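Inspection log for the structure reproduced underneath, given as structure tokens.
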Amino acid sequence: MKTSYTSLGQMLKEKGIISEDQLDKALEHQKRQSIRLGEALTEMGYADHEDIISSLAEQFDFQVVNPMAVPIPEDVINSVPKNIAKKHNIIPVTKKDELLIIAISDPLDISTLEDLRFTLNINVECVLATKNNIEHAIKKYYDKERAVSFDGYLDGFKSILAGADKSLDDTYGVEEEAEAPIVKLVTFIIDEAVKTRASDIHIEPLPNKTRIRYRIDGVCQEVHSITRRIHDALISRIKILSNIDITEKRKPQDGRISSEVGETPIDIRVSTIPTTCGESIVMRILEKSTVLIQLKNMGFSEHDYNNFKSILKKPNGIFLVTGPTGSGKSTTLYASLNEVDRSEKKIITVEDPIEYNLSGINQCQVNERIGLTFPSILRAVLRQDPNIIVIGEIRDVETAEIAVTSALTGHLVMSTLHTNDAPSAITRLVDMGIKPFLISSSIQAILAQRLVRVICPKCKVPYKVEKDVLESLNVDSIDLENMEFCHGTGCDYCNKTGYRGRKPIFEFMSMNTELRDAIFNKMPTNELRKIAHSNGMTTLAEDGLRLARAHVTTLEEVMRITSLDSI
């Protein structure tokens, strides 16, 4: 262990992970709560667990491991009793003669190491791992009843599958017993999806089987398949959990499940649609949290970040965040609210659903079943004298009209819209029926965004980009041929994909006189794009290339996500 080292806060600041102001606030929070600085930083959303662990490892000269990514022999696990592992949140990873290597999340917890040496009567050394990875490893290796394979859960259906007449749906579809096979199966699917960082679970009936896929880092991966005879029981169980009518199989339905995986509370949005082979379900996983990412840590270029902050200081107007479903639009809106002084401004949100709970803000939940629609709530909101109104999504002309009216009468309105890029948002509003002169008068800025996969840090290596790939980029202004790019070769940490996690790329279109005149004169989207680009707008493709040059993502990933010929 090092005897002299730079403080954790200073290291994170030097790496650009946190700012001086964030460090000061975290130190105050640390003092108030009597916790470690790393805990304070993660609780406030200034840094993630991986940032903290890697910096602590550098600070104390420790190795970092992921106990979920390496196999741990049973004799090693048995060297530490389950109650001790859970009490101290540790996991043994390897054993060499009379030396036991354990993974811990706090290198300053000297008392735990001393207790282990005394209790186990063995020499102990430690490596570092994130708290969540250790917790998951403890469940995997010690909680044997939870470590049953997917096939193990299917074994519970064997006796029923052997029957010729009785339907599984009749037997298990409405079963509420915790030990029922279908209950265990659904719980296993949700737990596994959360632990593998999936954003969505897709349960899709095919002619000969039911396919279960997880969307991980934006890409669907088939993980399991089951016999079609279990399909109806599986769908019925999910419907019961999400308070959906199990007898209605002809119409699309929506619901929600509130659950916990370990100690992590999650919300699951459930959507069903009828298909030719049966009902298909998609479950979107939303982790409930009061810890939100900070705007500065989202990866904006300095130019776009400064533009974003200037928009948040405007007293009125509309700020739109656009992109497809699952591109992080709501996260950006929440991050922007963290930049606003909530003590001096009245902020009201209208959401469906409320994804994060924010202190100091009035949050309203849409409930169309009782008539609480976006328009009806917005009309009431205007009588509450708000400074900032956040609309979860502009879905119809009525909501759009109220947003424009609010912006023109002294409110800053922030919302999301489903469009391909920033200039297309103008065309979308016109198609909805909003007059061009109202759009040009009310819009302050439009931010388009996508999520690109991040290269796995464990298997990142430089590589030479193929010439045909470079030629397909159609970029004359940047000499890419002489630049070094990286990609992931694939390892256990990234499940052989070469990617782990995602980061956003942005296209920030600020309004100016030239753009307002172009909108007023009903110019097409292509002309608006050219004007915005000539006035300093960085396209999604250009921002993606910025991350590729910084070795954050790959050129192939940028090509997959964006239209590179728009550069």
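The values are calculated or read from the model by the stated rules, or taken from the named source; none is laboratory data. This is a predicted model, so every value here is computed, not measured. Quick reminder, even Gly has a Cβ in these numbers, built from the backbone with ideal geometry, and neighbours come from all protein chains shown. These area figures cover heavy atoms from the full protein model, side chains too; ligands, DNA and RNA do not enter into them. Shrake-Rupley method; radii C 1.70, N 1.55, O 1.52, S 1.80 Å.
Give the residue, chosen from GLU542, GLU507, that is under 21 Å from ILE561 (Cβ atoms), assigned to a strand (DSSP E or B) and either among the acidic types (Asp, Glu) or at pLDDT 95 or above (or both). If you could, list the steps in order and put the result at the bottom.
Details: GLU542 fails: assigned to a strand (DSSP E or B).
Going through GLU542, GLU507 in turn, the sole match is GLU507.
Which count do you get for residues in the stretch 23-40 that are more than 26 Å from LYS139 (Cα to Cα) and in a helix (DSSP H, G or I)? Spell out how you get there, then give the answer.
At the first step, the residues of the stretch 23-40 found to be more than 26 Å from LYS139 (Cα to Cα) are 23-34, 37.
Checking which are in a helix (DSSP H, G or I) leaves us with 23-33, 37.
The total comes to 12.
Does any residue in the stretch 13-28 that is within 17 Å of LEU56 (Cβ to Cβ) come within less than 9 Å, Cβ to Cβ, of a residue that is outside any helix (DSSP H, G or I) and among the hydrophobic types (A, V, I, L, M, F, W, C) six or more places away or on a different chain, and which pairs are these?
ILE17/ALA47; ILE18/ALA47; ALA26/ILE18; ALA26/MET44; ALA26/ALA47
Got at least one residue in the stretch 147-159 being of a type in the set (Phe, Trp, Tyr), at pLDDT below 80 and open to solvent by less than 20 Å² (accessible area, probe 1.4 Å)?
The first filter runs over the stretch 147-159 and keeps only residues of a type in the set (Phe, Trp, Tyr), leaving 150, 153, 157.
Adding the requirement that they be at pLDDT below 80 leaves 150, 153, 157.
Adding the requirement that they be open to solvent by less than 20 Å² (accessible area, probe 1.4 Å) leaves 150, 157.
Yes, the conditions are met somewhere in the stretch 147-159.
Taking the conditions exactly as written (over 23 Å from SER54 (Cβ atoms), at pLDDT 85 or above and surrounded by fewer than 20 Cβ atoms within 10 Å (Cβ to Cβ)), does LEU120 satisfy them or not?
Values: over 23 Å from SER54 (Cβ atoms): yes; at pLDDT 85 or above: no; surrounded by fewer than 20 Cβ atoms within 10 Å (Cβ to Cβ): yes.
Here the answer is no, as LEU120 does not meet what is asked.
Residues that are more than 24 Å from CYS459 (Cβ to Cβ): list the helices (runs of 4 or more DSSP H) wholly contained in the stretch 42-89 that include at least 3 such residues.
On the way: elements: 49-60, 74-77, 82-88.
The qualifying helices (runs of 4 or more DSSP H) are 74-77, 82-88.
Which one of LEU378, LEU382 is surrounded by 17 or more Cβ atoms within 10 Å (Cβ to Cβ) and touching a residue at least 12 places away in the same chain (Cβ under 8 Å)?
Working: LEU382 fails: surrounded by 17 or more Cβ atoms within 10 Å (Cβ to Cβ).
One residue alone meets the criteria, LEU378.
Filter the stretch 385-405 for residues that are over 18 Å from ILE434 (Cβ atoms) and buried (at least 18 other Cβ atoms within 10 Å of the Cβ); which is farthest from the chain's Cα centre (by Cα)?
Once the filter is applied, the top-ranked residue is PRO386.
Of the numbered conditions (1) more than 27 Å from VAL454 (Cα to Cα); (2) surrounded by 18 or more Cβ atoms within 10 Å (Cβ to Cβ), GLY323 fails exactly one; give the number of that condition.
Among (1) more than 27 Å from VAL454 (Cα to Cα); (2) surrounded by 18 or more Cβ atoms within 10 Å (Cβ to Cβ), the lone unmet condition for GLY323 is (1).
Output the residues belonging to the stretch 49-72 that are free of Cβ contacts under 8 Å to residues at least 12 places away in the same chain and open to solvent by less than 70 Å² (accessible area, probe 1.4 Å).
In the first step, residues of the stretch 49-72 are kept if they are free of Cβ contacts under 8 Å to residues at least 12 places away in the same chain; the result is 54, 71.
SER54 - this is the single residue of the stretch 49-72 that is free of Cβ contacts under 8 Å to residues at least 12 places away in the same chain and open to solvent by less than 70 Å² (accessible area, probe 1.4 Å).
Would you please list the contacts, defined by Cβ atoms under 7 Å and residues six or more apart or on different chains, that run from a residue in the stretch 182-198 that is touching a residue at least 60 places away in the same chain (Cβ under 8 Å) to a residue that is of a type in the set (Lys, Arg)?
From residues that are touching a residue at least 60 places away in the same chain (Cβ under 8 Å), the pairs are ALA198/ARG215.
Return the residues of the stretch 519-539 that are small (Gly, Ala, Ser) and not in a helix (DSSP H, G or I); say none if nothing qualifies. Full working, then the answer.
Going through the stretch 519-539, the residues small (Gly, Ala, Ser) turn out to be 532, 534, 536.
Within the stretch 519-539, just GLY536 meets the criteria.
Taking the condition within 36 Å of the chain's Cα centre (by Cα), within 20 Å of ARG36 (Cβ to Cβ), surrounded by 15 or more Cβ atoms within 10 Å (Cβ to Cβ) and without any contact (Cβ under 8 Å) to a residue 40 or more places away in the chain, does ILE104 pass?
Yes.
State which residue is surrounded by the most Cβ atoms within 10 Å (Cβ to Cβ) when the search covers only the stretch 215-229 and only residues that are of a type in the set (D, E, K, R) and touching a Phe, Trp or Tyr at 6+ places or on another chain (Cβ under 9 Å). Before you say what the answer is, go through the steps one by one.
Kept after step one, since they are of a type in the set (D, E, K, R), are these residues of the stretch 215-229: 215, 217, 222, 228-229.
In the following step, the residues that additionally are touching a Phe, Trp or Tyr at 6+ places or on another chain (Cβ under 9 Å) were identified as 217, 222, 229.
Numbers: ASP217: 20, GLU222: 11, ARG229: 15.
Looking at residues that are of a type in the set (D, E, K, R) and touching a Phe, Trp or Tyr at 6+ places or on another chain (Cβ under 9 Å), I get ASP217.
Please give the number of the condition SER258 fails out of (1) farther than 22 Å from GLY326 by Cβ; (2) among the polar types (S, T, N, Q); (3) touching a strand residue (DSSP E or B) at 6+ places or on another chain (Cβ under 9 Å); (4) open to solvent by 70 Å² or more (accessible area, probe 1.4 Å).
Against the list (1) farther than 22 Å from GLY326 by Cβ; (2) among the polar types (S, T, N, Q); (3) touching a strand residue (DSSP E or B) at 6+ places or on another chain (Cβ under 9 Å); (4) open to solvent by 70 Å² or more (accessible area, probe 1.4 Å), SER258 comes up short only on (1).
Has the stretch 499-514 got at least one residue that is without any contact (Cβ under 8 Å) to a residue 60 or more places away in the chain, more than 22 Å from the chain's Cα centre (by Cα) and open to solvent by 50 Å² or more (accessible area, probe 1.4 Å)?
yes
Out of all the residues in the stretch 545-567, which are open to solvent by 40 Å² or more (accessible area, probe 1.4 Å), in contact with a helix residue (DSSP H, G or I) (Cβ under 6 Å, 6 or more places away or on another chain) and either within 11 Å of PHE485 (Cβ to Cβ) or at pLDDT 90 or above (or both)?
Correct list: empty.
Name, by its number, the condition in (1) open to solvent by 100 Å² or more (accessible area, probe 1.4 Å); (2) under 16 Å from ALA548 (Cβ atoms); (3) modelled with pLDDT under 65 that does not hold for ASP476.
So ASP476 meets the others, but not (2).
How many residues does the stretch 230-247 contain that are touching a strand residue (DSSP E or B) at 6+ places or on another chain (Cβ under 9 Å) and either in a loop (DSSP other than H, G, I, E, B) or open to solvent by 20 Å² or more (accessible area, probe 1.4 Å) (or both)? Talk me through it step by step, then tell me what you get.
Step one: list which residues in the stretch 230-247 are touching a strand residue (DSSP E or B) at 6+ places or on another chain (Cβ under 9 Å), which gives 230-232, 234-235, 238-239, 241-245.
Then drop every residue that is not either in a loop (DSSP other than H, G, I, E, B) or open to solvent by 20 Å² or more (accessible area, probe 1.4 Å) (or both), which leaves 232, 241-245.
Summing the residues that are touching a strand residue (DSSP E or B) at 6+ places or on another chain (Cβ under 9 Å) and either in a loop (DSSP other than H, G, I, E, B) or open to solvent by 20 Å² or more (accessible area, probe 1.4 Å) (or both) in the stretch 230-247 gives 6.
May I ask you to list the residues in the stretch 17-45 that are open to solvent by less than 20 Å² (accessible area, probe 1.4 Å), in contact with a helix residue (DSSP H, G or I) (Cβ under 6 Å, 6 or more places away or on another chain) and within 28 Å of ASP492 (Cα to Cα)?
Once the filter is applied, which keeps residues that are open to solvent by less than 20 Å² (accessible area, probe 1.4 Å), in contact with a helix residue (DSSP H, G or I) (Cβ under 6 Å, 6 or more places away or on another chain) and within 28 Å of ASP492 (Cα to Cα), the stretch 17-45 yields only GLY38.
Return only the number of the condition from (1) surrounded by 21 or more Cβ atoms within 10 Å (Cβ to Cβ); (2) farther than 27 Å from MET537 by Cα; (3) of a type in the set (S, T, N, Q) that GLN363 does not satisfy.
(1)
Here are the criteria: (1) charged (D, E, K, R); (2) modelled with pLDDT of 80 or more; (3) surrounded by fewer than 16 Cβ atoms within 10 Å (Cβ to Cβ). Tell me which single one ASP97 does not satisfy.
It is condition (2) that ASP97 fails.
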